[in-house]
Amino acid sequence: MAQVPRQGEPSTRPVAANPRAPGNGDGRSGTAVITRTKPRTKRPNLYRVLLLNDDYTPMEFVVHVVERFFNKSREDATRIMLHVHQNGVGECGIFTYEVAETKVTQVMDFARKHQHPLQCVMEKK
Ligand code: TYC
């Protein structure tokens, strides 16, 4: 049966003991280099960036935040804001770890600067 390697498994198989052992007089190191022939890609871990509802942040401010930091149209930003307002939490985007962390920091700094209690968090997918 054909073996399908899973994410993170090495694609090289164990190699039999090397017959060119060190000190056997052939002048070579006895160290083999195994060249990977099959290209492997690994998917990065992804994180959702979420906005949390509160009673004080103005709706227009939240729409502006979603437009500015998540590159959404006014229509999409309004949909996201209303979803958060009605459900308590909502997704603004999905990013790799460092990008998600940057978005959270940017939103939290911007909210604090404008003295709104808006909360933004990230969650591993
Ligand atoms: N609930 C807020 C209000 O009624 C609006 C709001 C929406 C606040 C989304 C935060 O993430 C939020 N003014």
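Derivation of every value follows stated rules applied to the coordinates shown; laboratory data play no part. This structure is a prediction, so every number in the text was calculated from the model and none was measured. Don't worry about glycine lacking a Cβ; one is built from the backbone with ideal geometry, like all the others, and counts go over all protein chains shown.
Points worth noting:
- Phe110 being hydrophobic (A, V, I, L, M, F, W, C) and in contact with a strand residue (DSSP E or B) (Cβ under 6 Å, 6 or more places away or on another chain): no
- Whichever residue in region 43-79 is surrounded by 17 or more Cβ atoms within 10 Å (Cβ to Cβ) and among the aromatic types (Phe, Trp, Tyr) and, among such residues, is farthest from the chain's Cα centre (by Cα): Phe69
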